[in-house]
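Down below is the structure, laid out as structure tokens.
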Amino acid sequence: MRAAFLDRDGTIIEDMHYGASPEFVRPIPGAGQALELLRDAGFLIFLVTNQSGAARGFISRQNLMATNRETERRLGIRFHGIEFCPHMPGERCPCRKPLPGMMNRIIRRWPEIDPSRSVTIGDNPRDILAGKASGTRTVLLANEAPEGLEPDLVTPSIIEAAIWAIENL
């Protein structure tokens with residue numbers, strides 16, 4: 001099976017900068033349509049997001065989960081799974097992107113997922129590095145990639161990212 005691993009802030013909803021609250025969820029234009037395209041093409045859809053705001057005390061785990069549920073509601077899609085890393089960048093947590101721990105946990109739970117036929121989509125180099133480390137193809141949502149990053153596709157459009165994944169994986 002194919003899977004799509006998506007970052008949250010800046011990828012499918014507007015970035016909330018360490019905080020999260022359901023009332024502040026604002027979908028990125030086209031995100032709901034892109035997720036529907038992927039789902040309708042047979043992709044399993046997973047949310048994988050660093051959330052150090054929890055470790056910093058800016059958000060409770062309860063509010064983080066409520067924000068993720070509101071994200072699903074506003075995008076009109078139910079994720080097959082949600083993984084988040086609540087740790088600080090310097091904690092050496094194996095789940096915090098750019099490490100692939102969140103994706104690897106999902107792949108272990110869903111052994112039918114073929115990472116080589118799956119995609120990681122995100123707006124940050126950390127997302128791309130985690131995707132590559134977990135064996136997926138990668139799409140960076142940006143106008144250009146930083147030197148040396150080399151995602152499989154660079155585009156500012158999440159819809160274009162979804163169409164590319166459907167056609168190429």
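The values are calculated or read from the model by the stated rules, or taken from the named source; none is laboratory data. On a predicted model such as this, the values are computed, not experimentally measured, just so you know. Backbone-built Cβ (ideal geometry, glycine too); neighbour counts: all protein chains shown. We work out accessible area using only protein heavy atoms, side chains counted, and drop any ligands, DNA or RNA first. Shrake-Rupley method; radii C 1.70, N 1.55, O 1.52, S 1.80 Å.
Looking at segment 27-61 only, could you name the residues that are over 22 Å from MET103 (Cα atoms) and either more than 14 Å from the chain's Cα centre (by Cα) or aliphatic (A, V, I, L, M) (or both)? Steps first, answer last, please.
Step one: of segment 27-61, the residues over 22 Å from MET103 (Cα atoms) are 27-30, 33, 56-60.
ILE28, PRO29, GLY30, GLN33, ARG56, GLY57, PHE58, ILE59, SER60 - these are the residues of segment 27-61 that are over 22 Å from MET103 (Cα atoms) and either more than 14 Å from the chain's Cα centre (by Cα) or aliphatic (A, V, I, L, M) (or both).
Answer with yes or no whether LYS132 is among the basic types (Lys, Arg) and open to solvent by less than 50 Å² (accessible area, probe 1.4 Å). Break it down into steps so the answer makes sense when it comes.
Values: among the basic types (Lys, Arg): yes; open to solvent by less than 50 Å² (accessible area, probe 1.4 Å): no.
The answer is no for LYS132.
Report the residue count in segment 106-124 for those that are more than 12 Å from the chain's Cα centre (by Cα) and surrounded by 17 or more Cβ atoms within 10 Å (Cβ to Cβ). Give the steps one after another, and end with the answer.
So the first thing to find is which residues in segment 106-124 are more than 12 Å from the chain's Cα centre (by Cα), and the list is 106-118.
Applying the additional criterion that residues be surrounded by 17 or more Cβ atoms within 10 Å (Cβ to Cβ) yields 106-107, 113, 115, 118.
So the answer is 5.
It is to be established whether one or more residues within segment 86-100 are surrounded by fewer than 20 Cβ atoms within 10 Å (Cβ to Cβ) and within 22 Å of ARG39 (Cβ to Cβ).
For segment 86-100, residues surrounded by fewer than 20 Cβ atoms within 10 Å (Cβ to Cβ) and within 22 Å of ARG39 (Cβ to Cβ): absent.
Can you pull out the residues in segment 139-163 that are surrounded by 18 or more Cβ atoms within 10 Å (Cβ to Cβ), in contact (Cβ under 8 Å) with a residue 40 or more places away in the chain and farther than 11 Å from ASP123 by Cα?
Once the filter is applied, which keeps residues that are surrounded by 18 or more Cβ atoms within 10 Å (Cβ to Cβ), in contact (Cβ under 8 Å) with a residue 40 or more places away in the chain and farther than 11 Å from ASP123 by Cα, segment 139-163 yields ALA161, ALA162.
Which of the residues spanning segment 25-34 are in contact (Cβ under 8 Å) with a residue 12 or more places away in the chain, more than 20 Å from GLY81 (Cβ to Cβ) and open to solvent by 30 Å² or more (accessible area, probe 1.4 Å)?
To start, the set of residues in segment 25-34 that are in contact (Cβ under 8 Å) with a residue 12 or more places away in the chain comprises 25-28, 30-34.
Applying the additional criterion that residues be more than 20 Å from GLY81 (Cβ to Cβ) yields 26, 28, 30, 33.
Passing the criteria: ARG26, ILE28, GLN33.
Conditions: (1) modelled with pLDDT of 95 or more; (2) on the phi < 0 side of the Ramachandran plot; (3) under 13 Å from the mean Cα position of the chain (by Cα). ASP15 meets all but one. Number of the miss?
(1)
Step by step: first the residues of segment 18-56, then only those that are acidic (Asp, Glu) and at pLDDT 95 or above, then the one that is farthest from ALA142 (Cα to Cα). Which residue is that? Before the answer, list the steps.
If we filter segment 18-56 for residues that are acidic (Asp, Glu), which is where we start, we get 23, 36, 40.
Then drop every residue that is not at pLDDT 95 or above, which leaves 36, 40.
Details: GLU36: 21, ASP40: 25 Å.
If we take residues in segment 18-56 being acidic (Asp, Glu) and at pLDDT 95 or above, then ASP40 is farthest from ALA142 (Cα to Cα).
Restricting attention to segment 152-169, which residues are over 15 Å from GLY10 (Cβ atoms) and touching a helix residue (DSSP H, G or I) at 6+ places or on another chain (Cβ under 9 Å)?
ASP152, LEU153, ILE159, GLU160, ALA162, ILE163, ALA165, ILE166, LEU169 - these are the residues of segment 152-169 that are over 15 Å from GLY10 (Cβ atoms) and touching a helix residue (DSSP H, G or I) at 6+ places or on another chain (Cβ under 9 Å).
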